[in-house]
Structures are given as structure tokens and as C-alpha cells.
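I have placed the structure first, in the form of C-alpha cells, so that the comments after it can refer back to it.
The values are calculated or read from the model by the stated rules, or taken from the named source; none is laboratory data. What you see is a predicted model, and the numbers here were worked out from it, not measured in a lab. Note that each Cβ is placed from the backbone with ideal geometry, even for glycine, and that neighbours are counted across all protein chains shown. Just the protein is used for accessible areas: all its heavy atoms, side chains included, with ligands, DNA and RNA removed. Shrake-Rupley method; radii C 1.70, N 1.55, O 1.52, S 1.80 Å.
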Amino acid sequence: MNNSLINFILGVNPDIIHKYVIIAPCWLPDSVGVKATLISKKTCELWECKVADIDVTYIVPGVGACGCADIVMSLKETKCKYALFIGSAGALSKGISIGDIAFPSEIICAEGASRFLYNNIENDLFGRKYHVDSIVLNSICKIEKMYEDYKVNIHYGLGISVESIISQYKHINKMIGYGCSFIDMESSAFLAASECAGIKSAIAYCISDNVMQEEPLYLVSEEKLAYRKQIRKEIFPNIIYSFVKGESNIENQ
């Protein structure tokens, strides 16, 4: 891959990217309790931070599948070996509350960015399932006692990534019919690019809304929004810690 193109996408020399990378479409580091230094603010925001005395790169690509895929594909030419996607997701199943934590094991592709990652762009990937890395997933799931302390429920299962906020609602029943419990806009492209780049990756969501409980994104109360932000800031530092240096240290597996 052209180094000049990678520099353009990342906004920095690829050599400064670390082994562990966090991808957060729109969450700044301080919103998840991470102290970080801004390194670049060009096509994406790139931050440098330390977690458990380990250097970590934190990237905010913005909302949408394309930017996320480009960032992860660029990481192929860096020292990155592990990536964690953190972000908001809507719920498509009853019993999932705003502020709950979700660790999807698979994501259905319902976006078009991922087909550009492959040689044949005429190959329609709609409906393809992408899997998270089981070892990375197990690493970030080992803090369940903390969730109990916060009375936050943990959910696992199938997600789906779409390309529209407005138009998604007329297709919700179809997505529920696929067996999906979570919906977002970047995760399938994140996993597709991770697969192409050879990066071991997993996903952690904080639930932002639930159409099945008559709480779509545009009707969530300010009180529940504030609660979700509190949960995000207090719990996600521990998820990030477990990703980098959890009880079952990834490097030892």
C-alpha cells in the first residue's frame, strides 16, 4: 500500500501507531475515562495514550462505515496487531436497556463500504456475517463483577451495520427477522477491514436506544442520555484495560 496514502488517511507516519489500537467513531478519549494526547486532527483524530503503562493508539474516524474501513485498512502497514471498536449501538430486542453493555460475536453486513475491500467490487456482501476474534472477545468480557456492581446488564449476540439513520426504521422488522439484537453503522466494515488487514479485533457497545421498547434514538430522554454517558465513562476504562492487559492477557494465548 502506498505510504503517502497511509499518511494521508491516518494523518501521521505509520511508524507511530502502536500494537493496540482503539477505534471509536465519535467518542473522544475523555468520554471513556482515558487520558490522551492529541497527535493529529486531519482526516481523523488520532490520540496517544497509556493504558496499564502500555502505549495505545486511540482513533476517532467519525460516523460511517467508509472512514472506519479506511482507517483499519491503513493499520495493515503499522505495528497494530489488535483493535477494539467501542461505540454506541441501538438495541433490537426487548430486555436490553439504555446504558447496557453489549459484546457482539458476529455482525451482518448491510453497508456498501465493505465490498470495496475486495478485488471484485461486484460481489455484493449484503447479509455476510463477520466474526470478532474469540480471544480478544474473551479478554474484554472478564470484568462481569463490575457490571453487577453498576446493575448494568451484559448482552451477547448478533449485530447488523447499516448506512442510514433515517431510512433504517422502515427496515427494522427485516433486521429483527435476521435475528439481530444490535444495530450500528460501522462494525461490519470494521470487522471486514480487520479480516483483510490481519488484525485481531472485537467490539464493545454501550446501548443508546431500543426501538422495541419505544425508545428510538430521537426520543431518548435527557435523563437516560446522561445515565448512558455516566456508564460509558465509568465502565469503558475497565473494558479498555482488559483489552490491553486483561486477566487473560492476549499475548499469552
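I need the peptides 121-129, 74-82 ranked by packing, meaning the mean over residues of other C-beta atoms within 10 angstrom, with the highest value on top. Present the calculation step by step, with values, prior to reporting the outcome.
On the way: 121-129: 12.2, 74-82: 20.3.
Taking the mean over residues of other Cβ atoms within 10 Å, the ranking is 74-82, 121-129.
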Of the candidate values (1) 0.95; (2) 1.33; (3) 1.06, the one computed for Cα Rg over 2.2 N^0.38 Å from this structure is (1)
In this structure, among K174/K200; K35/K245; K42/K229; K94/K233; K200/K245; K94/K151, pairs with alpha-carbon gaps over 21 Å are K174/K200; K42/K229; K94/K233
Which percent, nearest 5, of DSSP beta bridges in region 54-189 are antiparallel? 30 percent
Using the basic label-point model (7 angstrom from Cα toward the beta carbon), what is the D149 to E223 distance in nanometres? 2.6 nm
Pop out the ³J(HN,Hα) list for region 87-96 in order, Karplus 6.51 cos²θ - 1.76 cosθ + 1.60 with θ = phi - 60°, rounded to Hz; leave Gly and Pro as x. x, 7, 8, x, 9, 10, 9, 5, x, 9
Within region 1-106, the percent of DSSP beta bridges that are antiparallel, given to the nearest 5, stands at 60 percent
Pull up all non-local amide H partners of N153: gap of 5 or more, or a different chain, and H-to-H distance under 5 Å with H placed in the peptide plane. I101
List the aspartates and glutamates whose Cα lies under 17 Å from the Cα of K19, skipping any in the same chain that are fewer than 8 positions away. E48, D53, D55, E77, D133, E195, E251
H131 accessible area, 1.4 Å probe, all protein chains in place, Å² to nearest 10: 120 Å²
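Given the DSSP H assignment, sum -39500 (n - 2.57) over each helix run of at least 4 residues in the chain and divide by its residue total; what's the result at 222 nm in deg cm²/dmol, nearest 500? The partial results should precede the final answer.
Working: 7 runs with 74 residues, N = 253.
So the helix-based figure for the chain works out to -8500 deg cm²/dmol.
About the Cα centre, and with charges only on the beta carbon of Lys, Arg (+1) and Asp, Glu (-1), how big is the dipole of the chain? Nearest 20 debye, please.
Charge dipole, the chain, about its Cα centre: 140 debye, nearest 20.
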Leading residue at positive end of dipole, the chain (Cβ point charges), from Y178, L125, C68: C68
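Please report, as a whole percent, how much of the solvent-accessible surface of region 50-207 comes from carbon and sulfur atoms (probe radius 1.4 Å).
Numbers: 3190 of 6490 Å².
Of the solvent-accessible surface of region 50-207, carbon and sulfur hold 49 percent.
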Shape category assigned to region 60-107 from the gyration tensor of Cα positions, a/c cut at 1.5: prolate
Using a probe radius of 1.4 Å on heavy atoms only, what accessible surface per residue do you get for region 95-253? Whole Å² is fine. 48 Å²
Give the peptides 84-91, 106-113 in descending order of average Cβ contacts within 10 Å, highest first. 84-91, 106-113
